[in-house]
1. Considering only the stretch 33-72, state which residues are assigned to a helix (DSSP H, G or I), under 15 Å from residue 14 (Cα atoms) and out of contact with any helix residue (DSSP H, G or I) (no Cβ under 7 Å at 6 or more places or on another chain).
2. Mind checking which residues of the stretch 9-47 are surrounded by fewer than 17 Cβ atoms within 10 Å (Cβ to Cβ) and within 14 Å of residue 71 (Cβ to Cβ)?
3. If you check residue 75 against the conditions, is it at negative phi, exposed (fewer than 15 other Cβ atoms within 10 Å of the Cβ) and either in contact with a helix residue (DSSP H, G or I) (Cβ under 9 Å, 6 or more places away or on another chain) or in a helix (DSSP H, G or I) (or both)?
4. Looking only at residues that are in a helix (DSSP H, G or I) and closer than 17 Å to residue 63 by Cβ in the stretch 17-32, which one is nearest to the chain's Cα centre (by Cα)?
């Protein structure tokens with residue numbers, strides 16, 4: 001799952017930077033990628049919408065590379081999905 005997320009995040013970062021996705025390094029800290037602080041927060045919002053999970057806005061600062069971010073989000077999808085499934089409905 002994190003591989004798919006990583007690919008989607010790479011595509012989004014490339015679009016935000018106006019570069020080809022092949023130019024985006026998954027191991028480079030996002031703060032060094034050329035994205036502004038505002039763009040990093042926009043990326044955080046985008047990830048939350050795409051993944052359909054609740055995340056802190058600071059996620060891109062707490063998990064500074066695309067690889068680390070994708071791994072964390074994949075874990076959150078699994079954790080929050082299990083929590084939703086375990087919630088009784090009335």
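Throughout, read-outs are computed from the coordinates displayed, never taken from laboratory work. The model shown is predicted, which means the values in this text are computed figures rather than measured ones. Reconstructed Cβ throughout: ideal geometry from the backbone, glycine too, with neighbour counts over all protein chains shown.
1. Selection gives 42 alone.
2. Once the filter is applied, which keeps residues that are surrounded by fewer than 17 Cβ atoms within 10 Å (Cβ to Cβ) and within 14 Å of residue 71 (Cβ to Cβ), the stretch 9-47 yields 26, 27.
3. So residue 75 fits the description; yes.
4. Of everything passing the filter in the stretch 17-32, 30 is nearest to the chain's Cα centre (by Cα).
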